[in-house]
There are 2 protein chains.
Amino acid sequence: MKTRVVVTLKPSVLDPQGKAIEGALKSLGLEGVASVRQGKVFDIELAGVEGEAADRLLREACEKLLANTIVENYAIQHD
Amino acid sequence: MKTRVVVTLKPSVLDPQGKAIEGALKSLGLEGVASVRQGKVFDIELAGVEGEAADRLLREACEKLLANTIVENYAIQHD
């Protein structure tokens, strides 16, 4: 079972890396970019786990390892 | 206009970082994780650009800066 976890900085947290990318895009002449924020994505394949158990497993993975929940949000997507 | 770009390693490219995360999840006792691959996500806000022009702009941003198209794929998502 293929799943995806997206980890992004909370909106209130500054993102200097995103700011740098935003500046780089503008200096490349790409007008129209208002803001950029960078995050991480984890494509996780599960074996022998389905439905609610899969959800619970992924939430635990996020809380324990993939996300720093003090400054980051995570979203779990099932393909 | 909010858009999201997801950059992932091509399937044929080794991902030692993903492997390390996979190992860490398993050593945390999370059974059922078969594989992990890590990628990047960019939440990009556009101003004054819509439709096809937005698509063109984002493709150019990916080709020039956000993705290394030799080893990475990118996907553009409009919210």
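The values are calculated or read from the model by the stated rules, or taken from the named source; none is laboratory data. All values derive from a computational prediction rather than experimental measurement. Cβ coordinates were reconstructed from backbone atoms using ideal geometry, including for glycine residues, and neighbour counts include every protein chain displayed. Surface areas here come from the heavy atoms of the whole protein model, side chains and all, with no ligands, DNA or RNA. Shrake-Rupley method; radii C 1.70, N 1.55, O 1.52, S 1.80 Å.
Some observations on this one:
- Semi-axes of the equivalent ellipsoid of the range B:2-78 are 31, 14, 8 Å, computed as sqrt(5λ) over the eigenvalues of the C-alpha gyration tensor in descending order.
- Given in Å, the Rg to one decimal and the Dmax to the nearest whole number for the Cα atoms of the protein assembly as shown are 16.5, 49.
- In degrees, nearest ten, helix A:16-27 long axis to first principal axis of chain A (Cα): 50
- Relative contact order, percent, the range B:1-45 [alpha-carbon distance under 8 Å, six or more residues apart]: 62
- Working note: 222 nm ellipticity from helices only, DSSP H runs with n ≥ 4, each -39,500 (n - 2.57), summed and divided by the residues of chain B, gives -9000 deg cm²/dmol to the nearest 500.
- Interface A:B - total buried accessible surface [probe 1.4 Å, Å², rounded to 100]: 2700
- Sulfur and carbon atoms: percent of accessible area, chain A [1.4 Å]: 53
- Heavy atoms of residue A:27: accessible area, 1.4 Å probe, square angstrom to 10: 100
- Hits among aspartates and glutamates - C-alpha to C-alpha of residue A:64 under 19 Å, sequence gap 8 or more where chains match: A:43, A:45, A:52, A:55, A:72, B:22, B:31
- Nearest beta-carbon to the A/B symmetry axis - residue in chain A, distance in Å: A:41, 2
- Net charge of neighbours whose Cβ lies under 11 Å from the Cβ of residue B:7, counting Lys and Arg as +1 and Asp and Glu as -1: +3
- Averaging Cα coordinates gives a centre for the range A:45-79 and one for the range B:17-79; these two points are 17 Å apart.
- Mean Cα-pair separation over length for chain A, i.e. relative contact order, pairs under 8 Å, 6 or more apart, %: 53
- Using only side-chain charges placed at the Cβ, +1 for Lys and Arg and -1 for Asp and Glu, the dipole size of the protein assembly as shown relative to its Cα centre rounds to 380 debye.
- Label point of residue A:55 (7 Å along Cα→beta-carbon): distances to the other copies' equivalent points are 3.4 nm, sorted ascending.
- Evaluating 6.51 cos²θ - 1.76 cosθ + 1.60 at θ = phi - 60° for every residue in the range B:60-72, the Karplus couplings come out as 5, 4, 5, 5, 8, 9, 6, 10, 9, 5, 6, 10, 10 Hz, glycine and proline recorded as x.
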